[in-house]
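Remarks on the structure that follows.
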Amino acid sequence: MMARGLAFLLRRSIPKTSEITMEVLATAAEGTAPILADECNDLGLRVVHVRRDGVVLDLNTTSTAKALVHLRVATRLLLALDDVRCRDANDLYGSLKQIDWPRWLDDRHTIAVHATGALPGSPEAPERRGPPARGPAIRNHVFASQRGKDAICDVLRGKFDARPNVDLEDPDVRIVLRFRGDRCGVYLDISGEAMHRRGYRIDAVPAPMKETLAAAAVAIVDWDGTRPLIDPMCGSGTLIIEALMRHLNIAPGLHRDFAIERWPNHGEAVGLLLDKERDAAKEAADAAIANASGLKVIAGDFDRAALRATRTHLERAGLTDLVEVVRHNVRRMDTDLADAVVICNPPYGERIGGSTVTDLYEAMAQRWATLDRADVWVLDGHDDFVSRFGYRPRRSWMLRNGQLHVRWHHFRLTETDRLRGRSEPEVSVDDPAEVDQDPTAAGPVAVEAPEIADVRADEAGAPSP
């Protein structure tokens with residue numbers, strides 16, 4: 001077991017083409033870490049432990065390339081360099097100067113430093129341990145980033161007689177400082193641009209759903225292709241596309257580059273491995289799409305702009321021939337596919353939908369009442385959704401869509417599941433999934449693990465966030 005907070009086990013200088021072992025944090029959106037852990041295990045990646053903010057992996061360069069190309073739920077991959085003391089600004093500067101930065105950086109590649117998490121002395125920080133701070137306080141994340149940059153550049157200037165330039169927009173190497181009070185995890189960003197950016201989505205619609213959240217949602221559904229799949233409020237098509245990509249095992253990262261390819265050390269070698277992984281993934285995707293048969297997949301929406309976006313994104317993902325795109329009003333949609341799997345992200349009223357959104361929920365239930373053999377999955381971000389929809393969810397998962405706490409409900413629209421009253425009963429949470437409270441996590445993260453609520457026969461709904 002590698003020591004926590006130490007990325008590389010090898011103590012000597014490593015040739016650029018050597019296989020190296022590293023500790024990598026695959027970050028995850030709130031509530032999705034256990035889903036990501038399952039995905040890592042399915043890919044054969046070595047899971048060290050699961051944290052509230054992601055999954056710690058033990059990877060070499062080959063498995064790093066595999067993770068970058070194939071992980072669907074991870075939001076970023078971060079290489080762990082060290083875990084340092086940071087009671088004050090002087091402490092942070094001195095601790096960061098002890099890291100062997102020339103091993104990773106030089107004076108010719110641009111850098112950026114990004115700080116996040118609970119700063120020392122902040123209300124969110126864990127209780128301080130050890131002697132009190134003596135130097136200047138770390139006032140905010142910008143100041144922390146600046147002190148981090150100073151320490152790194154001073155080390156590199158001592159080695160190369162020059163310092164790297166800073167590029168906040170598009171650096172070659174991005175250093176991440178994840179604070180949790182008077183400790184700070186130090187990472188290099190392996191992935192670069194957030195991993196929800198698959199490359200197929202270019203047209204924005206109101207209240208978009210990130211691809212990584214959609215991937216987590218459809219992983220819970222686990223659609224096997226034997227039944228019709230319908231998204232009656234498809235927006236830009238993200239749920240449908242992610243469901244199809246998962247079913248056909250199309251790698252989400254086959255059309256994009258990653259930050260590690262630009263690193264001065266090991267970047268070229270890892271880039272070659274990534275090229276090999278992407279080429280194999282593209283070949284497998286082309287074969288899977290060409291051989292796909294017997295699927296019935298429908299993406300519908302009333303908004304013409306949303307449908308245009310869906311068609312564009314399906315084309316860019318290579319899935320146009322597998323999906324029927326239709327314009328309909330969800331209040332009057334065709335419901336003759338009684339055994340379908342329905343997935344949807346209706347308006348919440350927070351950003352779109354307004355005061356009529358609860359009327360829409362009631363109309364959905366009325367129109368879908370004939371789908372008594374269907375499995376209906378709804379992403380719910382409205383406190384009154386379950387009571388207005390009128391059915392008791394079989395199970396509910398707590399997730400987060402952007403800044404909104406949401407619930408991914410599984411419904412069966414039978415008479416047994418129908419609510420008899422207008423008010424939404426409380427839900428007790430049974431057998432929550434275990435997620436390690438790792439001391440290297442960046443600050444307190446208010447997360448409930450997915451699959452937290454097994455709804456009993458005499459209960460309904462999900463707790464408000």
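The values are calculated or read from the model by the stated rules, or taken from the named source; none is laboratory data. Just so it is clear, the model here is predicted, and its values are computed rather than measured. Here Cβ is always computed from backbone atoms with ideal geometry, including for glycine, and neighbour counts include all displayed protein chains.
Write out, first by first residue and then by second, each pair whose Cβ atoms fall under 9 Å of each other, whose residues are 6+ apart or on separate chains, and whose first residue, in the stretch 284-301, is touching a residue at least 40 places away in the same chain (Cβ under 8 Å) and aliphatic (A, V, I, L, M) while the second is assigned to a helix (DSSP H, G or I) and exposed (fewer than 15 other Cβ atoms within 10 Å of the Cβ).
Here the result reads Ile289/Asp321; Ala292/Asp321, each pair linking the stretch 284-301 to a residue that is assigned to a helix (DSSP H, G or I) and exposed (fewer than 15 other Cβ atoms within 10 Å of the Cβ).
Which residue, of Val386, Val406, is touching a strand residue (DSSP E or B) at 6+ places or on another chain (Cβ under 8 Å), in the same structural domain as Trp223 (by TED's automatic domain parsing), part of a helix (DSSP H, G or I) and not basic (Lys, Arg)?
Testing whether each residue is touching a strand residue (DSSP E or B) at 6+ places or on another chain (Cβ under 8 Å), in the same structural domain as Trp223 (by TED's automatic domain parsing), part of a helix (DSSP H, G or I) and not basic (Lys, Arg) leaves just Val386.
Against the conditions (1) out of contact with any Gly (no Cβ under 7 Å at 6 or more places or on another chain); (2) modelled with pLDDT of 90 or more; (3) not acidic (Asp, Glu), where does Ala365 fall short? Just the number, please.
Of (1) out of contact with any Gly (no Cβ under 7 Å at 6 or more places or on another chain); (2) modelled with pLDDT of 90 or more; (3) not acidic (Asp, Glu), only one is false for Ala365: (1).
Quick one: in the stretch 8-55, of everything that is within 25 Å of Pro264 (Cα to Cα) and surrounded by 23 or more Cβ atoms within 10 Å (Cβ to Cβ), which residue is modelled with the lowest pLDDT?
The residue in question is Met22.
Tell me the residue from Gly135, Gly199 that is within 20 Å of Ala26 (Cβ to Cβ), outside the structural domain of His328 (by TED's automatic domain parsing), surrounded by fewer than 20 Cβ atoms within 10 Å (Cβ to Cβ) and in contact (Cβ under 8 Å) with a residue 40 or more places away in the chain, please.
Gly199
Conditions tested, residue by residue: (1) more than 24 Å from Leu43 (Cβ to Cβ); (2) crowded, with 21+ Cβ neighbours inside 10 Å; (3) not β-branched (Val, Ile, Thr).
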| position | (1), (2), (3) |
| --- | --- |
| His255 | no, no, yes |
| Trp263 | no, yes, yes |
| Asp275 | no, no, yes |
| Asp279 | no, no, yes |
| Lys282 | no, no, yes |
| Ala317 | no, yes, yes |
| Arg327 | yes, no, yes |
| Val357 | yes, no, no |
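Do we find a residue being touching a strand residue (DSSP E or B) at 6+ places or on another chain (Cβ under 8 Å), touching a residue at least 40 places away in the same chain (Cβ under 8 Å) and more than 22 Å from His255 (Cα to Cα) anywhere in the stretch 62-75? If you could, list the steps in order and put the result at the bottom.
Just the residues of the stretch 62-75 that are touching a strand residue (DSSP E or B) at 6+ places or on another chain (Cβ under 8 Å), to begin with: 63-64, 67-68, 71, 74-75.
Filter once more, so that each one left must be touching a residue at least 40 places away in the same chain (Cβ under 8 Å): 64, 67-68, 71, 74-75.
Narrowing the set further to residues that are more than 22 Å from His255 (Cα to Cα) leaves none.
Scanning the stretch 62-75 turns up no residue that is touching a strand residue (DSSP E or B) at 6+ places or on another chain (Cβ under 8 Å), touching a residue at least 40 places away in the same chain (Cβ under 8 Å) and more than 22 Å from His255 (Cα to Cα).
Given (1) in a loop (DSSP other than H, G, I, E, B); (2) surrounded by fewer than 18 Cβ atoms within 10 Å (Cβ to Cβ), where does Gln366 come up short, assuming only one miss?
The failed condition is (1).
Just to check your reading of the model, which residue among Met245, Met233 is under 18 Å from the mean Cα position of the chain (by Cα), surrounded by 21 or more Cβ atoms within 10 Å (Cβ to Cβ), of a type outside the set (S, T, N, Q) and in the same structural domain as Ala340 (by TED's automatic domain parsing)?
Met245
Inside the stretch 89-124, can you point out the residues that are surrounded by fewer than 20 Cβ atoms within 10 Å (Cβ to Cβ), over 30 Å from Leu59 (Cα atoms) and not polar (S, T, N, Q)?
Scanning the stretch 89-124 gives Gly121, Pro123, Glu124.
Which one of Ala285, Ala317 is under 30 Å from Leu79 (Cβ atoms), aliphatic (A, V, I, L, M) and in contact with a Gly (Cβ under 8 Å, 6 or more places away or on another chain)?
Answer to the selection: Ala285.
Output the residues belonging to the stretch 286-314 that are within 24 Å of the chain's Cα centre (by Cα), in a helix (DSSP H, G or I) and crowded, with 20+ Cβ neighbours inside 10 Å.
Ala306, Ala309, Thr310, His313, Leu314
May I ask you to list the residues in the stretch 254-268 that are acidic (Asp, Glu) and touching a Lys or Arg at 6+ places or on another chain (Cβ under 8 Å)?
Glu268
Run Val427 past the list (1) modelled with pLDDT of 95 or more; (2) within 27 Å of the chain's Cα centre (by Cα) and report the number of the one that doesn't hold.
(1)
Return the only residue of Asp150, Asp224 being assigned to a helix (DSSP H, G or I) and modelled with pLDDT of 95 or more.
Only one candidate passes the filter, namely Asp150.
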